[in-house]
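Below you'll find the structure, written out as structure tokens, and then a few comments.
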Ligand SMILES: [Mn+2]
């Protein structure tokens, strides 16, 4: 057996938690391992975190098509695409999280979580994921840990998980067509905020150029992903902005109540980008949007301009929290007012330390 073959064998027979942990340079090894598993897999499950964003959905849909091309007999993508992503090639076939595992007589032989750790999966998806004999992570979050996977590819230097999927497609020799280009461009666009965030590198723009060369309508994709909003989303934004206030020196916060969603006929995906409005107040370095996701459960969306590492901050607030240096999230239990009162001193401390 050659070195690559041995790595695959070691990875798949390794002890729980010992996973093959490779950064960007290990991509060829990872691609060979995942490719060989996928080619023989009867049924694969792909999922991003619960409430997937544009990059999660993009990465899942593109990898699903790639695994099918490699010979995987059936690929199920979990999640509900938000209104902004329903047009994406393959989005129509996505299976809602809560329906995953309902047909437990047909278990998954391979499960891949993309753009976030398995701790962030919906509970029904998590159960199916944990039951799969081969569990894989493909991610670019700095906070992601290798435990509990047979194969893990984590490349924090990559602006998006979508780009990692493109690297995998290249490693597998799969052609890039217009459908994959539209999917992947959505991921790039979303995670770079339209190529404006600090994670945008020359490499990111070269990749974007390559995707445009496939003839995609990048203007239409930008409109749908970055600008177009449902009317309820506009009302929800107004509601959130109505709560906005400064928090000490360099902080800003706002909130959305659980009852707002029902009253405005809005859903969680309508909140995309709302926290950025708080961050862009003059003089603000750190912004927090408190989202009452369910009674007694508050999700925090954290953003930083530069100084504060919000991924580290999210981890101190919630062991399952995390994300990127300038964009992260976590969950706190308790009534909204109580969570705000508990978290605000931590925001102040992070600002003073940063
Ligand atoms: Mn991402």
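Taken together, the values in this text are just the output of simple stated rules run on the coordinates, not laboratory data. Note that the coordinates shown come from a computational prediction; the quantities given were computed from them, not determined experimentally. In this analysis, Cβ positions are derived from the backbone assuming ideal geometry, glycine residues included, and neighbour counts consider all displayed protein chains.
The reciprocal of the average 1/r between distinct C-alpha atoms defines the Kirkwood hydrodynamic radius, which for region 120-230 equals 15.5 Å.
Working from Cα pairs under 8 Å separated by at least six residues, relative contact order for the chain is 14 percent.
Convert 10 °C to kelvin, take the viscosity as 1.306 mPa s, use the Kirkwood radius over C-alpha pairs of region 282-354 as Rh, and evaluate the Stokes-Einstein diffusion coefficient in µm²/s, rounded to a whole number. D = 133 µm²/s. The percentage of C-alpha pairs in region 75-120 whose separation is greater than 15 Å is 53%.
Computed over region 37-96, the Cα gyration tensor eigenvalues convert (square root of 5λ each) into semi-axes of 21, 10, 9 Å, ordered from largest to smallest.
Peptides 338-347, 63-72, 209-218 ranked from most to least packed by the mean count of surrounding Cβ atoms within 10 Å: 63-72, 338-347, 209-218. Relative to the longest principal axis of the C-alpha atoms of the chain, give the angle of the C-alpha long axis of helix 54-70, reported between 0 and 90° and rounded to the nearest 10°. That works out to roughly 10 degrees.
Computed over the alpha carbons of the chain, Rg followed by Dmax gives 20.0, 64 Å. When peptides 93-100, 308-315 are sorted by average Cβ neighbour count within 10 Å, with the highest value leading, the order is 308-315, 93-100. What do you get for the angle between helix 202-212 and the principal long axis of the chain? Use alpha-carbon atoms, 0 to 90 degrees, nearest ten. With rounding to tens, the tilt is 70 degrees.
Computed extension gain for residue 282 through residue 348, at 0.36 nm per residue and net of the alpha carbon distance, reaches 22.0 nm. The long axis of helix 178-191 is offset from the longest Cα principal axis of the chain by roughly 40 degrees. Projected onto planes of every orientation and averaged, the convex hull of the alpha-carbon atoms in region 167-231 covers 4.8 nm². Simple spin-label estimate for residue 293 and residue 245 gives 2.5 nm between the two label positions (7 Å along the Cα-to-Cβ direction from each Cα). Beta bridges from DSSP with both residues in the chain: antiparallel share about 45 percent, rounded to the nearest 5. Overall, the ratio between the Cα radius of gyration of region 106-155 and 2.2 N^0.38 Å, rounded to two decimals, is 1.05. In this simple spin-label model, placing a label point 7 Å from the Cα along the Cα-to-Cβ direction at both residue 176 and residue 86 gives a separation of 3.0 nm.
Inverting the pair-averaged 1/r between distinct Cα atoms of region 233-354 gives 14.0 Å as its Kirkwood hydrodynamic radius. How large is log10 I(q)/I(0) at q = 0.20, 0.22 Å⁻¹ when the Debye formula is applied to the Cα atoms of region 177-299, each weighted equally and without solvent? Treating every Cα as an identical point scatterer, log10 I(q)/I(0) equals -1.08, -1.16.
In plain terms, the chain from residue 203 to residue 98 could stretch by 34.1 nm, reckoned as 0.36 nm per residue minus the Cα-Cα distance. Note on region 231-353: antiparallel DSSP beta bridges, both residues inside, total approximately 75 percent of the bridges counted.
One equal scatterer on each Cα of region 55-185, no solvent, Debye formula: the resulting log10 I(q)/I(0) at q = 0.15, 0.18 Å⁻¹ is -0.69, -1.03. Helix-only arithmetic for the chain: the sum of -39500 (n - 2.57) across DSSP H runs with n ≥ 4, divided by the residue total, places the mean residue ellipticity at 222 nm at -12000 deg cm²/dmol.
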